[in-house]
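A single structure is presented below for examination.
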Amino acid sequence: MITLDLILPDTRYPIHIGRDLLEQVELLLPHLPLPKVAIVCNETVAPLYLARLQQALAQHRIESFSVVLPDGEQHKDWNTLNLIFDALLSRNAERKTTLIALGGGVVGDMTGFAAACYQRGAPFIQIPTTLLAQVDSSVGGKTAINHPQGKNMIGAFYQPKAVIADMSLLDTLPERELSAGLAEVIKYGLLGDAAFLGWLEENMPRLRARDPDALQHAVKRSCEMKADIVGQDEKEQGVRALLNLGHTFGHAIEAGLGYGAWLHGEAIGAGMVLAAAASAELGWLSSSDVERVRGLVAAAGLPVKSPRMPLTRWLELMSHDKKVEAGTIRFVLLQQLGRATIQAGLPSAILEKILDRNS
Ligand code: NAD
Ligand code: GLY
């Protein structure tokens, strides 16, 4: 097991990465103020892993109850969030009852938001079960639900007490979901580590074949980069915005098509191709750089072409991006492969051209 630390001005927490960690309750114990936890899960993950976690907790005399949510991005909303509050109240959960998110990014984001709100703040722990959640969403304390007009628009910054990334849970992950997680892994190489990008190009077949060493390296490097960036800028006043590479376009795809039509990681894959194409239009990337990005996204099993939508619809959707400032859409683009930057606004002619060629 590898343990990284995310260090913030007023807290710090461990990110444990390894295999067979789910039943290692000693990783949870230091973070539980009371021997009582609420496990939030969904209808797909619960039959696979919930009983194992509950039995392990019971052996350590930790009382637990579960809340099983419907599965899917389309359920990341108020109604589903309320199911968590209903269960917490009906089971008399207290302010020191710890919420455990056992699931992918959807369960993690909703559990974190529920924990931020319940009695004005209850502790929570992330046990991410998808590659995407292990490399990105479980770390850093962004929690949210979607609004029909905009992705993750209602939420809070609220940090977990610990992250336990058990990589053996990825054995049951469908291939399409593995690819979705690889989108966020590619993102780290593109935004800040050209050597890692090269490693990904060489090792993509091993990653897709779930080679444990390759996967562990990818999760570790991704979490290192995320912990470093969040440690510098917890509330996204600056450098953290770079973690949104591909997301302005990607979130527009998700909201535009209806949540769940494309997976989040698929939308980010196509969004990163658009970001690379826009960067080339500004003269920052060469056409062969753009081909490298397109090739890597395709090698991960992700779409490289975005869905066709009129420019006016793209602009309407992107106007709800959380990076918008004084009405200007701020795009994360690439000055070179391995170095991202923020660009305030893009001429319509560039947007039209890249969307025409890449959708
Ligand atoms: P997800 O949570 O919907 O999980 C994907 C699918 O895999 C679901 O059907 C789920 O039930 C299933 N699943 C989960 N674990 C499994 C396992 N071990 N075996 C078999 N099936 C399993 O999607 P995701 O890709 O994990 O997360 C996407 C969400 O994360 C989006 O809502 C996105 O906005 C959010 N996100 C948040 C952050 C953040 O910083 N908070 C960062 C990136 C993404
Ligand atoms: N996934 C973007 C962030 O955590 O900031």
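Using alpha-carbon pairs under 8 Å, 6+ residues apart, how would you state the relative contact order of the chain in percent? Walk me through the intermediate numbers first.
On the way: 690 pairs, mean separation 56.0, N = 359.
Once normalised by length, the contact order is 16 percent.
Which whole-number value in Å² is the accessible area per residue of the range 148-244, probe 1.4 Å? Provide the component values of the computation, followed by the final result.
Numbers: 3630 Å² over 97 residues.
Heavy-atom SASA per residue in the range 148-244 reads 37 Å².
Let me ask you something else. Pull out the extension gain between T328 and S288, defined as 0.36 nm times the separation in residues minus the alpha carbon to alpha carbon distance; nm, one decimal.
Numbers: separation 40, 0.36 × 40 = 14.40 nm, distance 2.96 nm.
Result for the pair: 11.4 nm of gain on full extension.
Show me, for the range 148-157, the HN-Hα J-couplings you get by feeding each phi into the Karplus relation (A = 6.51, B = -1.76, C = 1.60, θ = phi - 60°), rounded to Hz, glycine and proline as x.
x, 8, x, 6, 6, 7, 10, x, 8, 7
Let me ask something else. Considering the convex hull of the alpha carbon atoms of the range 230-359, report its projected area averaged over all viewing directions, in nm², one decimal.
On the way: hull surface 30.9 nm².
Its average projected convex-hull area is 7.7 nm².
While we're looking at this one, here's another question. For R61, project a label point 7 Å along Cα to C-beta. Then give me every residue of the range 72-99 with its amide nitrogen under 19 Å of that point.
97-98
Follow-up question, since we're still on this one. Could you derive backbone 3J(HN,Hα) for the range 319-336 from the dihedral phi with the Karplus parameters 6.51, -1.76 and 1.60 (θ = phi - 60°), listing whole Hz in sequence and x where the residue is Gly or Pro?
In residue order, the calculated couplings are 5, 9, 5, 6, 8, 4, 10, 6, x, 9, 6, 9, 9, 8, 10, 10, 6, 7 Hz.
For the chain, give the percent of accessible area contributed by carbon and sulfur heavy atoms, probe 1.4 Å, rounded to a whole number. Mind dumping the intermediate values first?
Numbers: 6920 of 14020 Å².
Carbon and sulfur: 49 percent of the exposed surface of the chain.
Which whole-percent values make up P(r) of the chain when all C-alpha to C-alpha distances are grouped in 10 Å steps starting at zero?
Going out from 0 Å in 10 Å bins, the chain shows 5, 26, 35, 23, 9, 2, 0 percent.
Before I look further, what does the range 58-111 give for accessible area per residue, probe 1.4 Å, in whole square angstrom? It would help to have the intermediate numbers written out before the result.
Numbers: 2580 Å² over 54 residues.
Solvent-accessible surface per residue comes out at 48 Å².
Highest mean first, what order results for 95-102, 71-78 on Cβ atoms within 10 Å? Please list the in-between numbers first.
Details: 95-102: 23.2, 71-78: 16.9.
Descending mean neighbour count gives 95-102, 71-78.
Taking H as built 1.01 Å from N, whose amide H comes closer than 5 Å to the amide H of S66, not counting residues under 5 places away?
Residues meeting the amide H criterion: I39.
Please identify the DSSP H helices in the chain that span no less than 27 Å along the helix axis (Cα) and have a mean Kyte-Doolittle hydropathy of -0.5 or more.
Details: long enough: 212-232 (30 Å, -0.44).
Passing helices, by number: 212-232.
Separate question: Residues with beta-carbon under 15 Å from that of R292, excluding R292: net charge, scoring Lys, Arg +1 and Asp, Glu -1? Write down the numbers at each step before the final one.
Working: positive: K187, R294, R339; negative: D193, E201, E202, D289, E291.
Charge balance in the 15 Å sphere: -2.
Calculate how many DSSP beta bridges within the chain are antiparallel, expressed in % of all such bridges and rounded to the nearest 5. Write down the numbers at each step before the final one.
Working: 19 of 40 bridges.
Taking every DSSP beta bridge within the chain, about 50 percent pair in antiparallel fashion.
Based only on the alpha carbon positions, what is the Kirkwood hydrodynamic radius of the range 70-203, in angstrom?
Details: mean 1/r = 0.0639 Å⁻¹.
The answer is 15.7 Å.
Using the Kirkwood formula on the Cα atoms of the range 165-289, what hydrodynamic radius do you get, in angstrom to one decimal? Kindly include the intermediate steps, with their values, before the conclusion.
Values: mean 1/r = 0.0645 Å⁻¹.
Computed over Cα pairs of the range 165-289, the Kirkwood hydrodynamic radius comes out at 15.5 Å.
List every residue whose amide H lies under 5 Å from the amide H of L6, counting only residues 5 or more places away in sequence or on a different chain, with H placed 1.01 Å from N in the peptide plane.
Y13, I15
The values are calculated or read from the model by the stated rules, or taken from the named source; none is laboratory data. Keep in mind the model is a prediction, meaning the values are calculated, not measured. Reconstructed Cβ throughout: ideal geometry from the backbone, glycine too, with neighbour counts over all protein chains shown. Surface areas here come from the heavy atoms of the whole protein model, side chains and all, with no ligands, DNA or RNA. Shrake-Rupley method; radii C 1.70, N 1.55, O 1.52, S 1.80 Å.
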